[in-house]
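The following block contains the structure, expressed as structure tokens.
The values are calculated or read from the model by the stated rules, or taken from the named source; none is laboratory data. Computed from a prediction, not measured in an experiment: that's the story for all the values here. We place every Cβ from the backbone using ideal geometry, glycine too, and count neighbours over all the protein chains shown.
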Amino acid sequence: MNRYEGLCCPVCHGKLFEDDDIAVCPDCGAPHHRECYKSEGHCHFEDKHNTDEQWQMPKREEPLQEPTESDTIKCRVCGNEMPKSNLFCPKCGNSTAEKTQPPHFVHINMGGVNIDKNEEIDGFKTQEIAAFVGHNYLRYINIFKRMSVTKSKTSWNWLAFLIPEYWFFSRKLYKEGFLACVLSAAYSTLLIVLGMSPQNMAYPQETLNISKQALMIAFGASAVMLLIKALFGLFADYIYKKKVFKGLADLKERGENDPFAIMQAGGVNVFACVAAWFILDMLVLFIEMLIM
């Protein structure tokens with residue numbers, strides 16, 4: 001047991017626990033959180049050194065300051081009792097937030113890779129990444145971990161290959177989603193101009209009017225579009241990894257790394273996905289009506 005456990009840091013007034021990184025004043029022996037000590041640059045009681053008011057270690061017969069019932073909470077998943085300042089339960093990893101619980105896990109094996117809630121990937125804990133990613137977080141943690149270890153930038157994302165514009169918008173990658181929508185609209189417009197819209201292709205007599213040159217152009221455009229989608233499928237996870245880690249870094253820099261802030265900044269935007277589908281579909285329909 002840490003001999004300072006249960007005492008309070010004189011700077012932040014937070015209780016000191018066994019696993020805390022503690023800095024002790026060399027003159028009076030007062031314990032501080034190391035970060036708190038660094039922020040002040042000296043002992044909090046420096047002005048009282050060598051006086052009658054100098055800090056002294058409480059006598060052993062006096063009970064150390066222990067967290068009172070009001071200072072502790074119980075995990076709603078495993079029942080573990082912990083300080084209210086904890087964002088996640090140290091036993092099971094469950095969020096202590098009252099409204100919405102981010103994903104929690106202790107050890108999970110996926111694809112032969114063990115995922116630990118306290119494991120770090122590029123300086124961020126997996127539980128933070130899980131809270132930011134939200135839906136399907138196990139897949140992305142596994143991929144991010146492999147990319148970090150192998151320094152690889154490629155993986156395969158079927159949704160980003162088949163429907164890149166909607167996948168990008170759903171993951172709040174709006175610039176990439178807009179680019180994918182523009183490419184998709186341009187490709188559809190080209191097919192309409194060449195007379196190869198779905199409406200025309202439904203009637204055999206219309207297909208007879210399509211020239212070989214138009215077919216070759218359409219074939220070339222389809223090949224280019226397929227190549228672009230393949231690139232989306234290969235690099236989408238890497239692009240998303242950069243967004244997740246940059247988002248977490250920005251939140252920490254602003255001091256907004258609580259569970260609610262993390263989940264609000266990340267997660268899935270279903271509305272943006274549906275809106276992109278509707279607008280793109282209406283745009284293509286309008287172009288077809290305009291040309292036809």
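Mind checking which pairs have a first residue in segment 188-203 that is over 10 Å from residue 217 (Cβ atoms) and a second that is of a type in the set (Val, Ile, Thr) and modelled with pLDDT of 75 or more, Cβ under 7 Å, 6 or more apart or different chains?
Close Cβ pairs satisfying both conditions: 188/284; 189/287; 192/287; 192/291.
Also, I was wondering about something else. Hey, any hits in segment 56-67 for a residue that's surrounded by 11 or more Cβ atoms within 10 Å (Cβ to Cβ), modelled with pLDDT of 70 or more and either over 32 Å from the mean Cα position of the chain (by Cα) or over 20 Å from residue 19 (Cβ atoms) (or both)?
Yes; the residues of segment 56-67 include at least one that is surrounded by 11 or more Cβ atoms within 10 Å (Cβ to Cβ), modelled with pLDDT of 70 or more and either over 32 Å from the mean Cα position of the chain (by Cα) or over 20 Å from residue 19 (Cβ atoms) (or both).
Inside segment 2-25, can you point out the residues that are in a loop (DSSP other than H, G, I, E, B) and of a type in the set (A, V, I, L, M, F, W, C)?
Once the filter is applied, which keeps residues that are in a loop (DSSP other than H, G, I, E, B) and of a type in the set (A, V, I, L, M, F, W, C), segment 2-25 yields 7, 9, 11, 12, 16, 17, 25.
Any idea which of 275, 223, 230 is in contact (Cβ under 8 Å) with a residue 40 or more places away in the chain, closer than 26 Å to residue 155 by Cβ and of a type in the set (Gly, Ala, Ser)?
230
May I ask you to say which residue of 274, 224, 270, 284 is farther than 20 Å from residue 172 by Cα, among the β-branched types (Val, Ile, Thr) and at pLDDT 90 or above?
Among 274, 224, 270, 284, only 224 is farther than 20 Å from residue 172 by Cα, among the β-branched types (Val, Ile, Thr) and at pLDDT 90 or above.
If you don't mind, there's one more thing I want to ask. Go through 193, 133 for me and flag whichever is β-branched (Val, Ile, Thr), over 23 Å from residue 248 (Cα atoms) and modelled with pLDDT under 95.
One residue alone meets the criteria, 193.
If you check residue 225 against the conditions, is it crowded, with 18+ Cβ neighbours inside 10 Å, in a helix (DSSP H, G or I) and touching a helix residue (DSSP H, G or I) at 6+ places or on another chain (Cβ under 8 Å)?
no
Just to be sure I understand, how many residues within segment 1-57 are β-branched (Val, Ile, Thr) and out of contact with any strand residue (DSSP E or B) (no Cβ under 8 Å at 6 or more places or on another chain)?
Result for segment 1-57: 1.
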